[in-house]
Amino acid sequence: MSFHLVNLEEVRKEIVEEIKSDIDAGRLYISDRLNDEGRRKYPDLLLEAAQSGNIESFIDSLGMQYFKTHYLKRRPKGGYTKAKMPRNPNITLCEGEFNRFYIRAVCVKALNTGQKFVTAYRARPSTNPRPESIAIEEKQFDAEMLLKDLRNNIGVDTALGLPPGPNSGMSAKL
C-alpha cells in the first residue's frame, strides 16, 4: 500500500528547502537503527527522493543493507535488551520522515499563499485505522503552529498529533 501525497508536485521545492535547512542546522533526524554507511548515505537519499522521487523510491534506495542487524529495545520494567531488527525498518523510517518533511512543506506553501490552515487526510489506506488517526481525519490544523511543531519535534511525536505516530498513514494537504 503506497502513500498518496496529493500536493507532492506543488511542494517539492519546499520539501527540499526544509531538508536542507535541517542538514545545515545539524538537526536532521538520523535513526540509530542505521549502520555507519546508512548514516552517511541517508541525507543524500532523502534529498534525492524529495527532488525527483517519492516515498516508494526512497524506500527502494534506502534498503536493508543500510541498517544494523540488531538494535537496543527498551524493556517494560526498565533497561534494554538486544533485539533482532524488524524486517522493514526502512519502510517505517522512509514513510515517516518523508511524510514529516512533506507536511512541513505543505504548511510552508499554505503560509506563503495566504492559507491559515491545512487539512489532515488519510494518505495511505488502512484496513484497521487507529482511533487517533480517525479522530484527526479531515481536521483543520493551523499551518504556522503545525510547522513549528514539526520543526521543533525532530524524530519524535509532535505535540499537535500530526502525524499521529509511526505507520499511521496520515498526512496533510492544502
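Rule-based calculations on the coordinates, nothing more; no lab input. For clarity, every value in this text was computed on a predicted model and none was experimentally measured. Positions of Cβ are backbone-derived with ideal geometry, glycine not excepted, and every protein chain shown enters the neighbour counts.
Structural remarks
- Here's the list of lysines a cross-link from Lys20 could span, going by alpha-carbon distance under 22 Å and ignoring same-chain residues fewer than 8 apart: Lys41, Lys109, Lys148, Lys173.
- Coupling constants for the range 64-81 follow from the phi torsions by the Karplus curve (6.51 cos²θ - 1.76 cosθ + 1.60, θ = phi - 60°), and in residue order they are 5, 5, 9, 10, 5, 7, 9, 9, 8, 10, 6, 8, x, 9, x, x, 9, 9 Hz; glycine and proline get x.
- Relative contact order for the range 8-173, counting Cα pairs under 8 Å that sit 6 or more residues apart, in percent: 22
- Alpha-carbon Rg with Dmax, taken over the range 8-173, Å: 16.1, 50
- Cα-based helix-to-principal-axis angle, 8-24 vs the chain, degrees rounded to 10: 50
- Sum of -39500 (n - 2.57) over DSSP H runs of 4+, divided by residues of the chain (222 nm, nearest 500): -15000 deg cm²/dmol
- Charge tally in the Cβ shell below 9 Å around Phe3, where Lys, Arg are +1 and Asp, Glu are -1, Phe3 excluded: -1
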